[in-house]
Amino acid sequence: MKIAMFATDLLLLGILAWFFIQNHRLTQALKEKNAQLEVTIVELKAAQVKLMESGKKGAVAALSAGLLHQISQPITAIHGFVRFMKKEMDVNSPFYKPVCVMDEQSFYIKDMLANLMELIRHRQIQKTQTNVNAVIYKAINLLLDELRIRRIGWDMQLDDRIPFIHGDPLHLQQVFMNLVVNAIDALSETPHGAPRTLLVSSKHDSITDQVVIVFKDNGPGIAHEYQVRIFDPFFTTKPQGSGLGLALCHDLISEHGGTIAVQSNEEGTTFTVRLPCATKGENVP
């Protein structure tokens, strides 16, 4: 009798032990599945963000292309009319030189719009070994009149020893021009008579092997809560801004393997662009 009871107890203990082991295994398996589920959720959220960003970029491209097309039509007409006036006008006329200036400026606008159309339509990046300083000079030179009209004191401190980068000069020129135009707009909000300054500098960061380009103005600055959104498509602090320029700058710099960042306070705003230096064996113009 005792032996039978002892055997029964052993059997029950064995069953309980088996249930305990199985429960432990199930608990461990459940923990692993939960961990996998959490990873999957994170991956799905990241994929959702990428899809949303892709949609935004598509919307930016479509809207920008439409706007540029609408702008280019009247500019083309104006340019044609100005060229006709110049052709028919006496070179000794007091209005001849102003008309020549109008011809040059309208051609510049027409050409710039055409370049922007290529940019918006995702023209394939044509990377070559590029001198960043030369691109900066060209961008500033195209905006000299605007800087003078707005009475902005500007300076360039470019290190002529910086290495070449592997990039597309046209795309980078548009980025640099956009950053200068943003600085011009910001400086225009400073009180009348207050000094307005813009400093553009370049240097080589030997630690990261990057070319660093800095655009620093002494404008009123950007509110802290806006700085985290400044590169988002359609976000703008300007009453008549489209919110497209800085978003495109961010995308173009990213396509070059670089970064763009902003720092701002009541003393001004600084945009910092970092681009990787060209490596040996890359294309040479």
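Some notes on this structure:
- Check on L244, at pLDDT below 80 and crowded, with 18+ Cβ neighbours inside 10 Å: yes
- Among strands (runs of 3 or more DSSP E) entirely within the stretch 136-237, having at least 2 residues that are of a type outside the set (K, R), within 20 Å of the chain's Cα centre (by Cα) and modelled with pLDDT of 90 or more singles out 165-167, 197-205, 210-217.
- Tally of residues being farther than 17 Å from V135 by Cβ, open to solvent by less than 30 Å² (accessible area, probe 1.4 Å) and small (G, A, S) across the stretch 184-218: 1
- Once the stretch 125-168 is narrowed to residues that are in contact with a Gly (Cβ under 9 Å, 6 or more places away or on another chain) and among the aliphatic types (A, V, I, L, M), the residue that is surrounded by the fewest Cβ atoms within 10 Å (Cβ to Cβ) is I125.
- All positions within the stretch 169-183 that are open to solvent by less than 20 Å² (accessible area, probe 1.4 Å) and either farther than 16 Å from L252 by Cα or among the β-branched types (V, I, T) (or both): V175, V180, A183
- Taking residues in the stretch 166-184 that are of a type in the set (D, E, K, R), and partners anywhere that are surrounded by fewer than 20 Cβ atoms within 10 Å (Cβ to Cβ), the pairs with Cβ atoms closer than 7 Å and at least 6 places apart or on different chains are D168/I125; D168/Q126; D168/K127.
The values are calculated or read from the model by the stated rules, or taken from the named source; none is laboratory data. Bear in mind the structure is a predicted one, so any value in this text is a computation, not a measurement. Don't worry about glycine lacking a Cβ; one is built from the backbone with ideal geometry, like all the others, and counts go over all protein chains shown. We work out accessible area using only protein heavy atoms, side chains counted, and drop any ligands, DNA or RNA first. Shrake-Rupley method; radii C 1.70, N 1.55, O 1.52, S 1.80 Å.
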